[in-house]
1. Between D147 and D100, take the C-beta separation as r, use R0 = 60 Å, and let me know the FRET efficiency to the nearest 0.05.
2. Hey, with R₀ at 22 Å, roughly what FRET efficiency would I7 and V27 work out to, going by the Cβ-Cβ distance, to 0.05?
3. In region 210-399, if every C-alpha pair distance is counted and binned at 10 Å from zero, what percent goes to each bin?
4. With each label point set 7 Å from Cα along the Cα-Cβ vector, what nm distance links Q165 and A114?
5. Give me the extension gain from D354 to K208: residue separation times 0.36 nm, minus the current Cα-Cα distance, reported in nm with one decimal.
6. Full extension from D392 to S199: what is 0.36 nm times the residue separation minus their Cα-Cα distance, to one decimal in nm?
7. Using the basic label-point model (7 angstrom from Cα toward the beta carbon), what is the N189 to N238 distance in nanometres?
8. If packing is taken as the average number of other Cβ atoms within 10 Å across a peptide's residues, how do 22-34, 143-155 rank, most packed first?
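Each reported figure results from applying straightforward, stated rules to the coordinates on display, with no laboratory input. In this text, all values refer to a predicted model and were calculated from it rather than measured experimentally. Please note: Cβ atoms are built from the backbone with ideal geometry, for glycine as well, and neighbour counts cover all protein chains shown.
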Amino acid sequence: MKIRRYIGKDTHEALLKVKMDLGSEAVILNTRKIRQKGFFKIFSKPLVEVLASVDDSYVPATKRTASENRVRDDKEYNTAGSNNLRFNENSKSKSDEKEDKIHQLENKIIGMEATLNKIYEQIQQPSNKLSAAANEGNAQSQSKVLDLFYNNLLKNEVDMEIVTQLISVVRGKVKENVSVNETASILYNLISEMIGKPSSIKLRDDGKPTVIMLVGPTGVGKTTTLAKIAANYSLNQNKNVGLITADTYRIAAVEQLKTYAEILGMPLKVIYSVNEIHEAINEYSDKDLILIDTAGRSYKNKDHFDELKMLVEATQADEIFLVLSTTTGMKNCREIIEHYSFLENYKLIFTKLDESSSFGLILNSRRLTNRDLSFVTTGQSVPDDIELANVDMITKNLLGSIS
């Protein structure tokens, strides 16, 4: 074995010298840094020393003959060729093995995907069934809520046609999962809109008295209602009120109104024919408000009803109020409204709300006549038991309980 020492500025240079001298077969035994000798070289960069060895039989490439080099090259080529062949075979074998693994993995993925799809379908089917069941349940629940209000409205004697229309409109507006309160709110708004905002007496502002006439069938409480209106405007609004009655068919009615007039300190005039109405109104020219009570006329008695028509025409009242009782049946109410249709314009007053358990007649009449709702009375007390119609109270009564 030959051992030699090589020195270079750095490791790269020293190894290059080893390779050039001993060839690539050299074995590196040791590498270290050494200082250069001499005073002036103490501070210079250290050198690198490499000890290398090679077998005695090794001949460096620079000292071989051409034939030796060819033999060596052939051996190296054959060896490389053999190695390359083995590498190619190994590579081919590994490539095939890799493709097989990829193919197996793809099959597994496809199988997993199919399994997941089946699982997803199995999960979705119950979900869809639940969703369908929930939708059906919501529809049934919504239907029950609407049925509840439908029955309440009919129970409160609202006309069937109106009830059907209301429920149809609500059904078109409500959404799935709508609550009872939301349904009630929609119905509440619809009914309130149908009833409309109540209208009071509109007093003239030209200095002339406002002439008001009350008409209606017998027994609805016209005289008491007139006394309540008179007391309210006299006591609460400080208006100068005059009373006129044309109801001479009932002595009790005249005496009743005389009593109210005396208590309230108001003048009262009794007329016995249509011709007297103008004179009575003229005598009250200094009043703010003139209230005229009329006899209850049966529309079945044509002569009496014709007298009422003439009185209405002769009076030329600023406003006419048709007085109806909430205790009247809807069939009779329809006939009354039909026979009073000769009135060009009028407002509705409903009496005896305290004696009625349902207010369907109010909504029915309001819809049937398309006339403004005005006062309602709730008892016999004068002047307390009269007020403008409370739309909120009437609507809630019609909707009824949702328990």
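1. Values: r = 70 Å, r/R0 = 1.16.
In this case the efficiency is close to 0.30.
2. Working: r = 18 Å, r/R0 = 0.82.
Using R0 = 22 Å, I get an efficiency of 0.75.
3. For region 210-399, the pair-distance distribution reads 9, 38, 37, 14, 1.
4. According to this spin-label approximation, the distance is 6.5 nm.
5. Going from the current span to full extension adds 49.0 nm.
6. Values: separation 193, 0.36 × 193 = 69.48 nm, distance 1.49 nm.
Difference between extended and current length: 68.0 nm.
7. 4.2
8. Going by the mean number of other Cβ atoms within 10 Å, highest first, we get 143-155, 22-34.
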